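In what follows, a single structure is set out as structure tokens and then discussed.
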Amino acid sequence: RPDHRTRPAPVQGAMAASLALARGFSARPAVPAARGSRGALRVYTRATSEGKNNVVPHPGLFQKFGLATPPASPVGARAAPAPSALRPNRNFDALIFDLDGVLYPADNGYMAHVRENATRFISHKFSMEWRDAETARAEAFRLANQTVAGLRLMGYEVDADEFADFCREGEEQYLFPNDEVITALSALSARYGGAALANADYRNVKKEMISPSRSEGSRLAAAPPPATDPDRPSGKTAATATLGRNKAEKHTRTMVVLTNASERRARIALECLGLTRCFKHVFGAQFLRDAPKPKPEAFRATLDAVGVTDPSRAVIFEDSLKNAKAAKHLGMKVVFVTGETCDAEGAELGEIDAVADAVIASVSLPELVKAMPELWK
């Protein structure tokens, strides 16, 4: 008994042909047509399971029932890929963002406010004149790229939490949501494992550029907001334990913040900026301990914590040339954000170009799409 898929199907009208075509069958001759005959017997058959397209269009059948004639397919051509094969093949597994000078402009007054508070703290804590305290602050930052770590290297006993709270308080006076930044980070977050914000303006954004795959989208929609408990255990061991399950996932994608500031103050800043839900985790001073950026250990520990073994599959967004060089040396991709920080470091354009895979003036969707289209593939 012949298989039902290759059995001659009696043509009883347009409904029979339409039903067969709708079910994924195509028309092809069962036997060669005799010369001079009006037409060959036609059967309905599916494409082969291997995906090769063996459909040969026959205008007579389609014209008879008023159907559009499909274009002829070359011999050996493959059928359209399955929906899963159409999902974007992302180039990266982790996006790592600096905070100050990247998620908001470093010249908006907040960093000047933090530096002034740091000088005031040193002056009061160690009974220094303002000028001496300012010199000590600058030297401490130069030594370690983090004022607390630098002060300790200089022999001063400083409580990191006390110092951070004193220096960085007042975020709400300087940091505010920015529509361009929110839209850009929400688009990236939707693709790299965060939860896109509901208030982002997507009207001028291509839908396919910012939408995750169907399965990924449902997972993100069901995912709870990232933990923000300031009392959770700190340090590399705790962070690695929290994220250890990611190492078992073959295609982990994530988006995090890596800053030399304390985790608690960084979360307050993200809340003021309206960006809390864009990031899965915040790695800061407690996690980095005695190895702040630009020490290579800072970047290695972060990659290890998020489960990325190949540094080239991680992108870091930095406004400091020192940090960018260290990350690039490990093999990470670098998106460099120009501004006050690189000016203060005396960075030359040639130096930036030698390190950066992309250079932008601010975190906005048009700039990111133009400067680094690989983020969207």
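Residue count for region 162-183 satisfying the condition of being out of contact with any Pro (no Cβ under 9 Å at 6 or more places or on another chain) and open to solvent by 80 Å² or more (accessible area, probe 1.4 Å): 7.
Mind checking which helices (runs of 4 or more DSSP H) fall wholly inside region 84-174 and carry at least 2 residues that are of a type in the set (Ser, Thr, Tyr) and over 30 Å from Lys377 (Cα atoms)? Fully inside region 84-174 and qualifying: 110-125. Between Gly346, Gly331, the distinction of being at pLDDT 95 or above and of a type in the set (Gly, Ala, Ser) belongs to Gly331 only. Here Ala347 clears all of (1) in contact with an Asp or Glu (Cβ under 8 Å, 6 or more places away or on another chain); (2) closer than 21 Å to Ala106 by Cα except the condition numbered (1).
Residues of region 133-151 that are under 12 Å from Phe121 (Cα atoms) and among the charged types (D, E, K, R): Glu134, Arg137. Of the helices (runs of 4 or more DSSP H) contained entirely in region 334-376, those carrying at least 3 residues that are open to solvent by 20 Å² or more (accessible area, probe 1.4 Å) and within 19 Å of Asp100 (Cβ to Cβ) fall at 340-344.
Answer with yes or no whether Asp201 is modelled with pLDDT of 95 or more and either over 14 Å from the mean Cα position of the chain (by Cα) or open to solvent by 70 Å² or more (accessible area, probe 1.4 Å) (or both). Even if it seems obvious, please write down each step before you answer.
Values: modelled with pLDDT of 95 or more: no; either over 14 Å from the mean Cα position of the chain (by Cα) or open to solvent by 70 Å² or more (accessible area, probe 1.4 Å) (or both): yes.
No.
A quick yes/no check of all residues on (1) in contact (Cβ under 8 Å) with a residue 40 or more places away in the chain; (2) open to solvent by 70 Å² or more (accessible area, probe 1.4 Å); (3) closer than 21 Å to Gln286 by Cβ:
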residue	(1), (2), (3)
Asp107	yes, yes, no
Ala118	yes, no, yes
Ala136	no, no, no
Ala149	yes, no, yes
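Filtering Lys328, Lys370, Lys293, Lys322 for residues that are out of contact with any Gly (no Cβ under 6 Å at 6 or more places or on another chain), without any contact (Cβ under 8 Å) to a residue 24 or more places away in the chain and basic (Lys, Arg) leaves a single hit, Lys370.
The values are calculated or read from the model by the stated rules, or taken from the named source; none is laboratory data. Here the structure is a predicted model, which means the values were calculated and not measured. Virtual Cβ from ideal backbone geometry, glycine too; neighbours counted across all protein chains shown. Side chains are part of the model used for accessible areas, which takes the heavy atoms of the whole protein and leaves out ligands, DNA and RNA. Shrake-Rupley method; radii C 1.70, N 1.55, O 1.52, S 1.80 Å.
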